[in-house]
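Taking it in order: structure first as structure tokens, then the write-up.
The values are calculated or read from the model by the stated rules, or taken from the named source; none is laboratory data. Bear in mind that the values here come from a model prediction, so they are computed numbers and not experimental data. We place every Cβ from the backbone using ideal geometry, glycine too, and count neighbours over all the protein chains shown. Accessible surface areas use protein heavy atoms only, side chains included; no ligands, DNA or RNA. Shrake-Rupley method; radii C 1.70, N 1.55, O 1.52, S 1.80 Å.
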Amino acid sequence: DAGITQSPRHKVTETGTPVTLRCHQTENHRYMYWYRQDPGHGLRLIHYSYGVKDTDKGEVSDGYSVSRSKTEDFLLTLESATSSQTSVYFCAISESVIQGGYGYTFGSGTRLTVV
Amino acid sequence: AQSVTQLGSHVSVSEGALVLLRCNYSSSVPPYLFWYVQYPNQGLQLLLKYTSAATLVKGINGFEAEFKKSETSFHLTKPSAHMSDAAEYFCAVSPYGGATNKLIFGTGTLLAVQP
């Protein structure tokens, strides 16, 4: 999607290996989010960031960590990949909450398979 | 805690027929409400949003939704379905004036349009 890029788009990895997914934005938005999408569960929030070096946990954060050292980049790391982390991962960005109600702009997703 | 419930994980309509996708929300504070659409192998796109202005909200591609506080509902409608409307649709809620602008998503409704 324009202004937000996820990499890689597809990845197959082995159980127990660390994996890092990258989200890059060119919109200078403050808020960034990582979701996972699984059939029957919709989108569930993993971690989010409200500024450089300011991050917090979402509802399914176990086994994941994040970092945001620059406004434009938000990294999601699976510390030791498990088969239950096979999913499609989406990054999203949003504008200042003061303006409120703008919703998100989503990336195109990363399809991760853990074998 | 906030949540949304989407009734019907699969909805099938004939081309030209009315589309009705149901969403009920739970929120202890006035909410922002959103509908997103996801086409195969793509990220989510914003269809429309309710931000406490007009209760009838018009979105892209001929979709609209009505906020009904008494029914805690935000159903999505389109008078006449088109083949290109086949996609998955997600309802989402965010607290009005929330500190982090987080969105909580429903589990999605897959819309099929029959010729």
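Some notes on this structure:
- Restricting attention to the stretch B:1-18, the residues that are more than 22 Å from A:Pro39 (Cα to Cα) and of a type outside the set (Asp, Glu) add up to 5.
- Any hit, the stretch A:18-31, residues being touching a Leu at 6+ places or on another chain (Cβ under 8 Å), outside any strand (DSSP E or B), more than 10 Å from chain B (Cβ to nearest Cβ) and under 15 Å from A:Val114 (Cα atoms): yes
- Some residue of the stretch B:68-75 being among the polar types (S, T, N, Q), within 11 Å of another protein chain (Cβ to nearest Cβ) and open to solvent by 30 Å² or more (accessible area, probe 1.4 Å): no
- A Cβ distance below 6 Å, combined with a sequence gap of six or more or placement on separate chains, defines the contacts here; from the stretch A:35-62, residues that are within 15 Å of A:Gln85 (Cβ to Cβ) reach residues that are of a type in the set (A, V, I, L, M) and part of a loop (DSSP other than H, G, I, E, B) in the pairs A:Arg44/A:Val60; A:Ile46/A:Val60.
- Residues of the stretch A:38-63 classified as within 11 Å of A:Phe74 (Cα to Cα) and not in a strand (DSSP E or B), total: 2
- Selection count where residues are open to solvent by 50 Å² or more (accessible area, probe 1.4 Å) and either β-branched (Val, Ile, Thr) or at pLDDT below 95 (or both), scope the stretch A:10-43: 10
- If you filter the stretch A:44-69 down to residues that are within 14 Å of another protein chain (Cβ to nearest Cβ) and surrounded by fewer than 14 Cβ atoms within 10 Å (Cβ to Cβ), you find that the one that is farthest from B:Leu44 (Cα to Cα) is A:Asp54.
- Whichever residue in the stretch B:62-72 is modelled with pLDDT of 95 or more and among the small types (Gly, Ala, Ser) and, among such residues, is farthest from B:Ile104 (Cα to Cα): B:Gly62
- Some residue of the stretch A:96-108 being away from chain B (no Cβ under 14 Å) and farther than 24 Å from B:Gln2 by Cα: no
- Inside the stretch B:9-28, residues that are open to solvent by less than 60 Å² (accessible area, probe 1.4 Å), aliphatic (A, V, I, L, M) and outside any strand (DSSP E or B) make up a count of 1.
- Within the stretch B:76-106, the only residue that satisfies the criterion of being under 20 Å from B:Leu7 (Cα atoms), modelled with pLDDT under 95 and open to solvent by 40 Å² or more (accessible area, probe 1.4 Å) is B:Ile104.
- Residue match in the stretch B:16-35 (condition: without any contact (Cβ under 8 Å) to a residue 60 or more places away in the chain and within 11 Å of chain A (Cβ to nearest Cβ)): yes
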